[in-house]
Amino acid sequence: MIRLSPLCLALGMTPVAAVSIDGRIDADEWREAQHITDFRQTQPLTGAAGSLPTEAWVLATPDGLAVAFRAIQPPEVPRTRQRVQRDFETQVDRVNVMVDFNGDARSAFNFTLSSTNDVFDAVITQESNFRKDWDGVWEHATAEDAEGWSAEILIPWHTAPMHAVDGSLRTIGLYLDRVVGSTGERMAWPEASFMRARFVSDFAHVEVPKYRQTLLAITPYAAVLHNNRSGNAKFNAGGDVFWKPSGQFQLTAALNPDFGQVESDDLVVNFDAIETWFSDKRPFFTENQGLFDFGLMDRSSALIYTRRVGGTADDGHGVADIDAALKLNGSIGTTNYGVFAADEADDAGRRFTAARLTHDFDHLSLGVLLTDVDRPWLDRRARVLGIDQRWQANEHWTLGLNLVGSAVEQDDHSDRGYAATAQIQYDSGGAWRQEVTARHLDDRFEINDFGYLARNDLDALSWEIGRRFTDLGEDSIYTSHDWELELEAEDTTDGLRLTRSVSLERESSLRNGASQSLGLSFNSAIWDDRLTRGHGAVHLPPTLHLEAAHQQPRHGNWAWMVSSEFFGEGIDGNARLAYSLMVTPTFFWSDTLNLEAGLGWSHQPDWLLWQHDDLIGRYRSQSLQLNAGFNWRIGSRQELRMKLQAIGLRARAESAWRLGERGRPLPDDTPIDDFSVRNLGLQLRYRYQLAPLSDLYVVYGRGGYEQNEDVMDSTDLLVRSLHLRQDDQFMVKLSYRFD
């Protein structure tokens, strides 16, 4: 147990003087702080001492948790001085502070500061699941000199709900690290890594004085949206309220919230039966949302998917407006609770409610989540009840279990379903790790009224084993390899084979800061029961899938990324391989301005698309995708960004097929049509930061989607997509946070 501010405690909680957050580490200001110098290499995960001297100071003050870093960086180690946007994922010099305010490993907050004083923040749930949608208010500053650079950070105590504790101290979990942008090396204290099954659980337990901090923040907004096609203008106003009278209670409310997009979604052309998942940047839904994080221990499920709220209205006419939304978070002892409610406007609107309860024991956490969605337009009511448990038997073994039931009532008919998942994780603490997951979802299990589920009617079993290699020698261009072998089997609950696969993946880090990934999977013959949308399962032959990617950080004026895939599909499987290639170079005009122009090409010679009933179309398709734009940081408060995505796709019909005996496709003479797709998304956005979480946005957006039978060269389609204009809007939005 590490105790911070020992002098303060010895004097009976005499308040520590405020720290001036200016990036310059003043010895007098930090003299009472805990001094940390034992930074260990965690990328690559060797546990050796970091190659560059790094020091940190940690001090608990009434204003928040203060952390300072001193990063020595000699001239022979290049420095990255480029400016980056909030929530950047660029390889730059940076430091991280991660705090588990309750010390229970249920969730934590990540605060990242680059050497150029740019920030990234995120919520961490389920040990190592980073959600960067959340934006917090915290103080930060950096300074640079000939020997290196320094950083100072102040994290307010009101950032997160905290359990009530007896006495004058509370225990938090703390993790600090430094990343060298030119090499990718990460040095951390303590020696914890998100590459292991347990991450937040491995944070250092630190005692700090029990401070109380309150917050009342009101963020009104006003937005004007002008439709350049119709000439109509729409004015909207509302606001968010954040009230935190204590660490044990927090309230978030939104009145007539504006959910107009100043963050643009990526373009996706999806002809599959499974919908595309999109993240959510709306402030109300990101503030203290980690408590409601409940999935089925996979990458494609969530009992609460906040993009449902304010999504397409049940009458199909546009996006639903939200009258009001409310969220409560709090704790009683080591029991956490949360309540969520949102009410959409008009007859086609819905009412969403959720309640969450968790309790933490020494090595065991238990939780329950109840959701309810009322959809009067459809005469539909959907309820879901989930129970989850996580038991950390020791430092190596972790067991996770959940049981979820659903009940849907519609048109005097009721359906009830359930799902259960069990997961066992083993981490040796060294190079080896394993994970076994078993999952059952019956065919009536349904959570998509409020949540997200790729499919139900599933029995699944998977086994993963991983091995890290970090002793590659100084003559190797690599610093580490991380290998993973996975065996996976999936069936419907009636025993229809959906997946039998063997996958081998390798993630590698290079000494020049680059990263590589390689993956190869073999899939046996299977049945696809989703392709025909409920009109029978299609038998498909064995396939293989090979993918590779290389990402090179900035060296000089250039950075680039390339990815490629080769895979079998369709009726012939591996006889006619599909392939794709994406190349994205980035040119840095200066440290404040960069330009990106990515071009992707894909070819699918055996693409199967559902037509109607059990009729399947077999197509030969080609597509081109353009991802381009620029980012310009104009001083410390202003930025101008342009994001352009365009897709041109052509698909030539080759033949039609229907299902024969046991789902074998048989040729059919039904005519099917060629088609083409053009898709465009363009956003030009100016942002002026008035204060933390207070911004003026001026946004121009244009785009559209068009599908027809006019098949031409994919290059022509891509060029013509730039002329789409179904949507053409200009928006000005002003929001200001008063606290």
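The values are calculated or read from the model by the stated rules, or taken from the named source; none is laboratory data. Everything quoted here is computed from the prediction, not taken from an experiment. In this analysis, Cβ positions are derived from the backbone assuming ideal geometry, glycine residues included, and neighbour counts consider all displayed protein chains. For the accessible areas, the whole protein counts, side chains as well, though only heavy atoms, and no ligand, DNA or RNA atoms are used. Shrake-Rupley method; radii C 1.70, N 1.55, O 1.52, S 1.80 Å.
For this structure, a couple of remarks:
- Dipole of region 535-683, positive end: most advanced residue of Gly681, His535, Ser636 [Cβ charges, Cα centre]: Ser636
- Using the Cβ-Cβ distance between Asp494 and Val711 with R0 set to 41 Å, the FRET efficiency works out to roughly 0.55.
- Percent carbon-and-sulfur accessible area, region 259-388, ignoring ligands, DNA and RNA, probe 1.4 Å: 54 percent
- Cβ-based net charge around His550, under 13 Å, with every Lys or Arg adding one and every Asp or Glu removing one: -1
- Full-extension gain in nm, Asn256 to Val502, via 0.36 nm per residue minus C-alpha separation: 83.6 nm
- Diffusion of region 378-524 by Stokes-Einstein, at 37 °C in a medium of 0.692 mPa s and with Rh set to the Kirkwood radius over alpha-carbon pairs, works out to 180 µm²/s.
- Remark on region 628-725: Rg and Dmax equal 21.8, 67 Å (Cα only).
- Estimated D of region 530-662 in µm² per second, where Rh is the Kirkwood radius over Cα pairs and Stokes-Einstein applies at 20 °C, 1.002 mPa s: 121 µm²/s
- Just so you know, the averaged projected area of the alpha carbon convex hull for region 232-375 sits at 11.1 nm².
- Here the peptides 102-112, 216-226 are ranked by packing, the mean other Cβ count within 10 Å, and the order with the highest first is 102-112, 216-226.
- Per residue value of the accessible surface for the chain (all protein chains in place, 1.4 Å probe), Å²: 44 Å²
- Order by protection proxy (mean Cβ within 10 Å, highest first), peptides 685-695, 305-315: 305-315, 685-695
- For region 55-200, the C-alpha radius of gyration divided by 2.2 N^0.38 Å, with N the number of residues, is 1.04.
- The ellipsoid that matches the Cα gyration tensor of region 611-679 has semi-axes, each √(5λ) in whole angstrom, of 45, 13, 8, with the longest given first.
- Karplus (6.51, -1.76, 1.60) ³J(HN,Hα), θ = phi - 60°, over region 461-471, in Hz, Gly and Pro reported as x: 9, 9, 9, 10, 9, x, 9, 9, 10, 10, 9
- Protection proxy ranking of 651-657, 424-430, by the mean of other Cβ atoms within 10 Å over each peptide's residues and highest first, is 651-657, 424-430.
- In order along region 312-323, phi translates into HN-Hα couplings of 4, 5, 5, 8, x, 9, x, 8, 6, 7, 10, 6 Hz, rounded to whole numbers, per the Karplus curve 6.51 cos²θ - 1.76 cosθ + 1.60 with θ = phi - 60° and x for Gly and Pro.
- Non-local Lys pairs in the chain, i.e. 8 or more apart or on different chains, that have alpha carbons under 29 Å apart: 20
- Once the Cβ-Cβ distance of Leu370 and Asp343 is raised to the sixth power relative to R0 = 22 Å, the FRET efficiency obtained is 0.80.
- With a Förster radius of 45 Å applied to the beta-carbon distance between Ile465 and Asp379, the computed FRET efficiency rounds to 0.35.
- Computed from label points 7 Å out along Cα-Cβ, the spacing between Tyr688 and Glu547 is 4.3 nm.
- Region 243-301 - convex hull of the alpha-carbon atoms, volume per residue in Å³: 134 Å³
- Share of pairwise Cα separations in region 126-254, more than 19 Å, in percent: 70 percent
- Panel values: the chain, Kirkwood radius from alpha carbon pairs, Stokes-Einstein at 25 °C and 0.890 mPa s, translational diffusion coefficient 88 µm²/s.
- Here the spin labels are modelled as points 7 Å beyond Cα on the Cα-Cβ line, and at Val224 and Ala393 they lie 6.5 nm apart.
- Per the Kirkwood formula applied to alpha carbons, region 25-86 shows a radius of gyration over Rh ratio, Rg over Rh, of 1.04.
- Remark: region 324-436 is approximated by an ellipsoid whose semi-axes, taken from the C-alpha gyration tensor as √(5λ), come to 35, 19, 11 Å, largest first.
- Carbon and sulfur %, accessible surface of region 599-739 computed with the full protein complex present, 1.4 Å: 52 percent
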